[in-house]
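A.B. asks: The structure under discussion is supplied below as structure tokens; questions concerning it will follow.
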Amino acid sequence: MTTAFITHRDCWLHDMGAHHPECPERLSAISDRLIAAGLDLYLAFHDAPLATLEQIVRVHPAEYVRHIRENAPQSGIVHLDPDTAMSAGTWQAALRSAGAGILATDLVIGGEAENAFCSVRPPGHHAERAKAMGFCFFNNIAIAATHALEEHGLQRVAVVDFDVHHGNGTEDIFANDPRVLMASTFQHPFYPYSGTESPASNMVNVPVPAGTRSDGFREAVAEVWLPALRSFAPEAIFISAGFDAHYEDDMASLGLVESDYAWVTQQLKAVAAESAQGRIVSMLEGGYALSALARSVTTHIKVLADL
């Protein structure tokens, strides 16, 4: 089976203003690098559908979804907080981003793809149940994982987050849900300054200090994540794939490199092979140094696709 690559041109239309780090060029850099590396010949490309209201309200209250829709401008930019803004293209892009995770889940659980990567924006893991923040509007990975549970009848899913920032939104949505195990590493103290105060028992949070490099990251994964994941035995793994812990990314202060993303992807593939029939859905979160982002995503996809 192939690796599915899911995106949509609508995701380029979300624009939070000149010089904003979460920019459309992020997706262009990824696409260009995939072509340059020759990976486009080995992937199954899919256009992301629009997520439906029914799919989104499994995670976000209908009133919140209406609030996002009503704030979408016809032109110009509207800020929901100092970091998070909407343009005329944001609403459509957000529906495509959530829809990508839905399609990826259907393809992987349906056996049409072994795994999938969603190259989408806006990202999602900071979006809480009823709050947009941190460049995020809808929690794409939570919507996808909930789709697996409620539409496909899975009993246990894992969400793994290696973005440099804590996935506070995903934790807000899944805390104390026995069907979900969330494992994450994140720089701390750092935005959004969460994840360390008495997390729920299904949260495997590993905060790491600024300056942490490969050894510290790999130790956290090997000694904390992997035993918890294997004990939980997920039936599918959902990855919040943020690449802003890369040492070239100056929005944070960790020191990972491409080989670290290859290694952690290999570890997650091994866990998925043991209990999840190999099923992995990976969704883009952060990563703002364009070259490092593109190289890291390409490395991640190479491992997913066994290339």
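Please treat every number below as a calculation from the coordinates, not as lab data. Just so you know, these numbers come straight off a predicted model, no measurement behind them. Heads up, the Cβs are rebuilt from the backbone with ideal geometry, glycines too, and the neighbour counts pull from every protein chain shown.
A.B. asks: How high is the FRET efficiency between Glu274 and Ile35 when r is their beta carbon distance and R₀ equals 45 Å, given to the nearest 0.05?
C.D. replies: 0.85
A.B. asks: Report the local net charge at Gly99: Lys and Arg +1, Asp and Glu -1, summed over other residues whose C-beta lies under 10 Å from its C-beta.
C.D. replies: Here the count lands on -1.
A.B. asks: What is the distance in Å between the Cα centroid of the stretch 170-204 and that of the stretch 232-307?
C.D. replies: About 18 Å separates the Cα centre of the stretch 170-204 from the one of the stretch 232-307.
A.B. asks: For Arg129 and Glu151, FRET efficiency with R0 = 22 Å and r from the beta-carbon atoms, rounded to 0.05?
C.D. replies: After rounding to 0.05, the efficiency reads 0.70.
A.B. asks: A further question on this structure: For the residue pair Thr196 and Glu219, what label-to-label distance in nm results when each label sits 7 Å from Cα along the Cα-to-beta-carbon direction?
C.D. replies: 1.7 nm
A.B. asks: Once phi is turned into θ = phi - 60°, what whole-Hz ³J(HN,Hα) does the Karplus curve with 6.51, -1.76 and 1.60 give for every residue of the stretch 29-38, x standing for Gly and Pro?
C.D. replies: 4, 5, 4, 5, 5, 4, 5, 4, 7, x
A.B. asks: Then there is this: How big is the gap, in Å, between the Cα center of the stretch 12-77 and the Cα center of the stretch 104-144?
C.D. replies: Using only Cα atoms to place each centre, the spacing works out to 10 Å.
A.B. asks: Further question: Could you tally the net charge around Ala44, taking each other residue with its Cβ under 11 Å from the Cβ of Ala44, Lys/Arg +1 and Asp/Glu -1?
C.D. replies: Local net charge: -3.
A.B. asks: Would you mind putting 115-123, 12-20, 200-208, 76-84 in packing order, based on average other-beta-carbon counts within 10 Å, highest first?
C.D. replies: Highest to lowest by the protection proxy: 115-123, 200-208, 12-20, 76-84.
A.B. asks: Of the candidates Ala222, Ala294, Ala233, which one comes out as most mobile in a Gaussian network treatment of the chain with C-alpha springs shorter than 10 Å?
C.D. replies: In the Gaussian network model the winner is Ala222.
A.B. asks: Something else about it: Using a Gaussian network model of the chain whose springs link C-alpha atoms within less than 10 Å, name the residue from Leu27, Leu293, Leu53 with the highest mean-square fluctuation.
C.D. replies: Leu53
A.B. asks: Also: Are there chymotrypsin sites (Phe, Trp or Tyr not before Pro) in the stretch 227-307 that DSSP marks as loop and that have at most 10 other Cβ atoms within 10 Å, and which are they?
C.D. replies: Filter output for the stretch 227-307: empty list.
A.B. asks: I want the local charge near Ser184. Using Cβ-Cβ distances under 9 Å, sum +1 for each Lys or Arg and -1 for each Asp or Glu among the other residues.
C.D. replies: Residues close to Ser184 contribute a combined charge of -3.
A.B. asks: Taking only C-alpha pairs under 8 Å that are 6+ residues apart, what is the relative contact order of the stretch 181-236 in percent?
C.D. replies: Result for the stretch 181-236 is 40 percent.
A.B. asks: Working out 0.36 nm times the residue gap between Arg66 and Ala210, then minus their Cα-Cα distance, what length gain in nm do you get to one decimal?
C.D. replies: Extra length from Arg66 to Ala210 when fully extended: 48.0 nm.
A.B. asks: What shape does the chain take by its C-alpha gyration tensor, where a ≥ b ≥ c are the square roots of the eigenvalues and a/c under 1.5 counts as rounded, a/b above b/c as prolate, and the rest as oblate?
C.D. replies: Rounded is the answer for the chain, as its axis ratio a/c remains below 1.5.
A.B. asks: Taking a point 7 angstrom from the Cα of Ser28 along the C-beta vector, which residues in the stretch 286-307 have backbone N less than 17 Å away?
C.D. replies: 288-295
A.B. asks: Can you compute the helix-only [θ] at 222 nm over the chain? Use -39500 (n - 2.57) per DSSP H run of at least 4 residues, normalise by all residues, nearest 500 deg cm²/dmol.
C.D. replies: It lands at -11000 deg cm²/dmol.
A.B. asks: A further question follows. Which whole-number percentage describes the relative contact order of the chain, with Cα contacts under 8 Å and a sequence gap of 6 or more?
C.D. replies: In percent, rounded to a whole number, it is 20.
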